[in-house]
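First the structure, then my questions, so here it is.
Each reported figure results from applying straightforward, stated rules to the coordinates on display, with no laboratory input. Note that the coordinates shown come from a computational prediction; the quantities given were computed from them, not determined experimentally. Here the Cβ positions follow ideal geometry from the backbone for every residue, glycine too, while neighbour counts run over all protein chains shown.
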Amino acid sequence: MGIEDLRSVVRGSVLLPGDTGFEQAVQPWNLAVAQPVSAVVAVADAQDAADVLKYASNAGRQVVTQTTGHGATGGIDEAILIHTSALARLEIDAERRVARVGTGVQWGAVQTAAAAHGLTGLAGSNPVVGVTGYTLGGGFGWFARKYGWAADAVRAFEIVDADGRRGRITADSDPELFWALRGGGGDFAIVTEIEFDLFPLPRLYGGRVMWSADRTREAFDLFTELTADAPRELSVWLQRYQIPGAAPTVAIDFAYLGEPEEGRALTARLDSIEGILADTRGALTPAQIGQITAEPTDPSPSLSRGELLTDLDDAVLKTLIEAPVAPLLNIQLRGLGGALAESRPEGGARGPVTEPYALYLLGLGLPHLLGDIRTRFADILDALGPHITGSKPYTFLAGGESASAAFDPETLARLQQIKTARDPHNVIRANFPLHS
């Protein structure tokens, strides 16, 4: 069975190597990742996805699903790449506080629709990230300290299994697969729709305050103070930036789920640091949370590394605050805790994170910079030593890392057993496969 036979299998479009538009279609959001796949299928609907899986199973090929490609890691040579942008159903049931979302939908669209009803999903910080991939990996953003993992808010998944069979997965219909899909990654099935809880959010206050780099120590001290006694409704991140051609800066970003007056009082200490360069604090709607960090929404090349930190002692201070950012673009610290640290018996595969801080490092993924960036990553991790646990959220994994870093051994073994039982021929491939 030749790869060109795919054209007669689906109603959506099929691009093969050499076709006009193929090179653009295989490029994920991270332009530094190569994806030399055998075909790109823009599925028209869930049945197309099912038919592609049946074809792939018979042809001995793997299938990779992407909406935006934010989590793309490469290593998918000769696979069939499915694009899901046509699966764009978006329904808000305001009375039940439930969203039903196709796998082609991005978080910005969900937040805009939910905000019209005074509701929010458990979105991340970037509005162009796909809902499905983010949620399958657990998903934590500005509201996670209050409400926990996005995966734990899921009520049901519409899926296509490795044999091309469609089904609706809930805690009652298939508790084992439902558990695995809530935070275990996308290695078990192609998810075509997700139904999840929305949360009331009548008021939201947040923004960014930025200073020149000579205020970094003061900003760090304030960050540690704010995160030490923050209520669950308040999330605070510290950012150090070194943008090419610009002076280095430091910023504190935050979001508060509550009345602006309360948020201003909780973060009033931000005004104690003189020399503010930019200040975007103000009342927001759920649709505007992407404005807090103003992350890029256009594809770009990048190299990243994420870790969890046990504390912020003097060794961490020297490594992350006193040393230059370059050749990196960004060093980010997130305050965790709250609902993220709690064990939920009814929760999914993404269990609690007990570490109080998350570290995220980002560099510009251009060929001539990669060596220096990787060396900087290694130097930072070596210096942090016992202050990093090696465990990390699934969505913090980067190319070359293993899914084993995202789960404790017992959880990983259970996920691998489910993968083997549900997809014994390994037709479906996640960004971070459970069996390497």
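Could you tell me whether region 67-168 comes out rounded, prolate or oblate from its Cα gyration tensor? Rule is a ≥ b ≥ c as square roots of the eigenvalues, rounded for a/c under 1.5, then prolate if a/b exceeds b/c, otherwise oblate.
Cα axes put region 67-168 in the prolate bin.
Please name whichever of G69, L31, A56 sits farthest to the positive end of the charge dipole of region 7-83, dipole taken about the Cα centre and charges placed at Cβ: Lys and Arg +1, Asp and Glu -1.
Sorting the options by dipole projection puts first A56.
Given a 10 angstrom Cα cut-off, can you work out which residue in A116, A398, A406 is the most mobile in a GNM of the chain?
A116
Compare D172, D187, D382 in a GNM of the chain, Cα atoms joined below 10 Å, and give the one with the largest fluctuation.
D172
Let me know the shape class of region 158-301, please: from the alpha-carbon gyration tensor, a ≥ b ≥ c as square roots of the eigenvalues, rounded when a/c is under 1.5, otherwise prolate if a/b is greater than b/c, or oblate.
Judged from the Cα gyration tensor, region 158-301 comes out prolate (a/c at least 1.5, a/b above b/c).
Going Cα to Cα from K54, which lysines come in below 29 Å? Please leave out same-chain ones fewer than 8 positions away.
Straight-distance partners of K54: K419.
Springs between alpha-carbon pairs under 10 angstrom, Gaussian network model over the chain: which of G186, G282, G306 fluctuates most?
Comparing G186, G282, G306 in a Gaussian network model of the chain, the most mobile one is G282.
Let me ask another. To make sure I understand the rule: partners must be lysines, Cα under 19 Å from the Cα of K392, and not fewer than 8 residues away in the same chain. Which ones qualify?
List returned: none.
Which aspartates and glutamates have a Cα lying under 18 Å from the Cα of K146, excluding residues fewer than 8 positions away in the same chain?
Candidates past the 8-residue exclusion: D197, D229, E233, D253, E259, E262, E342, E346, E355.
With the dipole of the chain worked out from charges on the C-beta (+1 for Lys and Arg, -1 for Asp and Glu) around the Cα centre, which of T216, L412, G121 lies farthest toward the positive end?
G121
Dipole magnitude of the chain about its Cα centre, charges +1 at Lys/Arg Cβ and -1 at Asp/Glu Cβ only, in debye to the nearest 20?
Magnitude of the dipole: close to 420 debye.
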